[in-house]
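Worksheet for the structure shown next.
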Protein chains: 2
Amino acid sequence: MATSRSHRPATRSRGIPEATVARLPLYLRALTTLSERSVPTVSSEELATAAGVNSAKLRKDFSYLGSYGTRGVGYDVEYLVYQISRELGLTQDWPVVIVGIGNLGAALANYGGFASRGFRVAALMDADAALAGKLVAGLPVRHIDELEAIVEDNQVSIGVIATPAGAAQEVCDRLVTAGVTSILNFAPTVLQVPEGVDVRKVDLSIELQILAFHEQRKAGEQGQGPDGDVPAVMPA
Amino acid sequence: MATSRSHRPATRSRGIPEATVARLPLYLRALTTLSERSVPTVSSEELATAAGVNSAKLRKDFSYLGSYGTRGVGYDVEYLVYQISRELGLTQDWPVVIVGIGNLGAALANYGGFASRGFRVAALMDADAALAGKLVAGLPVRHIDELEAIVEDNQVSIGVIATPAGAAQEVCDRLVTAGVTSILNFAPTVLQVPEGVDVRKVDLSIELQILAFHEQRKAGEQGQGPDGDVPAVMPA
DNA sequence: TAGATTGTTAATCGATTAACAATC
DNA sequence: TAGATTGTTAATCGATTAACAATC
């Protein structure tokens, strides 16, 4: 949701809208499931249902990639998997580092979805020296002192921050200085980054708060009703 | 991002746009930080910077809530904290259950952001009987068999699913049947839910794929350049 | 009063959707 | 050929932004 993409007129690298880019992984997942079931072709209607969108939107999205379907028939599953993967850049190898190996960092390290999609965990790092050498998801945790060397040696361009909020900005700065240009941030902080660096944020608390907002509305509908609108008084 | 809100014309429960609702937690976090520093008032410009948005957007967002600022002065921090909390429904208690206590579930249970905002973890549940009784974040893990009883006894309306993809839909069905009407889903699956149930999805793999897309563009800009456009041939 | 800053307007932009001509 | 389904158009809708009048 919060992506800083200041290096470009945004939303149309090569003409593909951000909203479309954000849905390509959904299509890809649905297609991968079909592929595993050896389904040869799929219609926009079927695929849209599987991905949880409507078919008009899906066809519009695909139209930005090219004309990969066949009228009257649908889309070739394997061909589309390849085209979307290529478009997303998943046909190449992306070494990532995960910084902060608490429960969350460990969960990320163990997450199967990483490896299966061209993302390779190059290293796990933590500031806690006591953790160094410990195996997590089969990889030894390394001390944060090694950050710069690891990023450079492995040509890491994507960093995942799973540290406490207080450490996030410093880790971010070090990653960026070492050459990382994309950051996935799980710490509940707004990160400041220079131009050309992308930050995406995953915030558990924010998602819950949005749910609470809607939940509150549901309760209001059924029973007690909203308790008045804007108060007329101002703060003291 | 993927929310099904079929019980309403969406995007304007009481007139507040979805995009605005999604930003209220950001403002709230920035305001909480200011509050802790005992800052009495803040301008839209300062607060916007802290939240990572521009000030025009912030003022527009706040205008949906009411006129809580003072021209020439700014916003009273405490007052605004209260108003946004109230709007989001955080002035009440929200019991939540977390289902699936692997690394991710444990990370969620330990996440401080929950408790601090009216969210109370009513129970941790897992299908693995061997885990039952084990303490995680000070709470005993309970067996999934108890799901219905726990949801009913605690009046839980928000459920968090941190199970493997294969188990997610069944857990979701059971939660919904037991009375849960909002679900935060960490499993990489599209959940089917009846009308009136909200689902929000957090997907680690999707966020990484979006980063990879932009990362690929950056590489293309500097060096090798995009390798031709839409191919002229169709699948075999 | 003069300076500062909000709240709102209006223009612009991007995303969604229905409908259907093109075409397999 | 007849039926099915894509790819695209055009209308609509929602979100963003700059600018500024209102007003503290």
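Check off (1) more than 12 Å from DNA strand D (Cβ to nearest atom); (2) open to solvent by 60 Å² or more (accessible area, probe 1.4 Å); (3) modelled with pLDDT under 95; (4) not in a helix (DSSP H, G or I) for B:HIS7 and give me the number that stays unchecked. So B:HIS7 meets the others, but not (2). For B:GLY118, the criteria (1) in contact with an Asp or Glu (Cβ under 7 Å, 6 or more places away or on another chain); (2) modelled with pLDDT of 95 or more hold in every case but one, which is (2). Would you check if there is a residue in the stretch B:102-113 being more than 9 Å from DNA strand C (Cβ to nearest atom) and more than 19 Å from the chain's Cα centre (by Cα)? Yes, there is a match, as at least one residue in the stretch B:102-113 is more than 9 Å from DNA strand C (Cβ to nearest atom) and more than 19 Å from the chain's Cα centre (by Cα). Taken over the stretch A:23-79, residues that are within 7 Å of DNA strand D (Cβ to nearest atom) and in contact with an Asp or Glu (Cβ under 6 Å, 6 or more places away or on another chain) amount to 1. Against the list (1) of a type in the set (D, E, K, R); (2) part of a helix (DSSP H, G or I); (3) within 12 Å of another protein chain (Cβ to nearest Cβ), the condition A:ARG200 fails is (2). When A:GLY113 is tested against the conditions (1) in contact with a Pro (Cβ under 7 Å, 6 or more places away or on another chain); (2) on the phi > 0 side of the Ramachandran plot, the lone failure is (2). In the set (1) closer than 26 Å to B:ASP198 by Cα; (2) modelled with pLDDT of 95 or more; (3) polar (S, T, N, Q), the condition left unmet by A:GLN222 is number (2).
Within the stretch A:50-59, not a single residue is basic (Lys, Arg) and farther than 27 Å from B:GLN192 by Cα. Give the residues of the stretch B:42-63 that are surrounded by 15 or more Cβ atoms within 10 Å (Cβ to Cβ) and more than 8 Å from DNA strand C (Cβ to nearest atom), sorted by residue number. Hits for the stretch B:42-63 are B:ALA48, B:THR49, B:ALA50, B:ALA51, B:GLY52, B:VAL53, B:LYS57, B:LEU58, B:ASP61. For the stretch A:64-76, filtered to residues that are at positive phi and more than 10 Å from DNA strand C (Cβ to nearest atom), the residue that is nearest to the other protein chains (Cβ to nearest Cβ) is A:GLY66.
The values are calculated or read from the model by the stated rules, or taken from the named source; none is laboratory data. Keep in mind it's a predicted model, so treat the numbers as computed, not measured. Don't worry about glycine lacking a Cβ; one is built from the backbone with ideal geometry, like all the others, and counts go over all protein chains shown. Side chains are part of the model used for accessible areas, which takes the heavy atoms of the whole protein and leaves out ligands, DNA and RNA. Shrake-Rupley method; radii C 1.70, N 1.55, O 1.52, S 1.80 Å.
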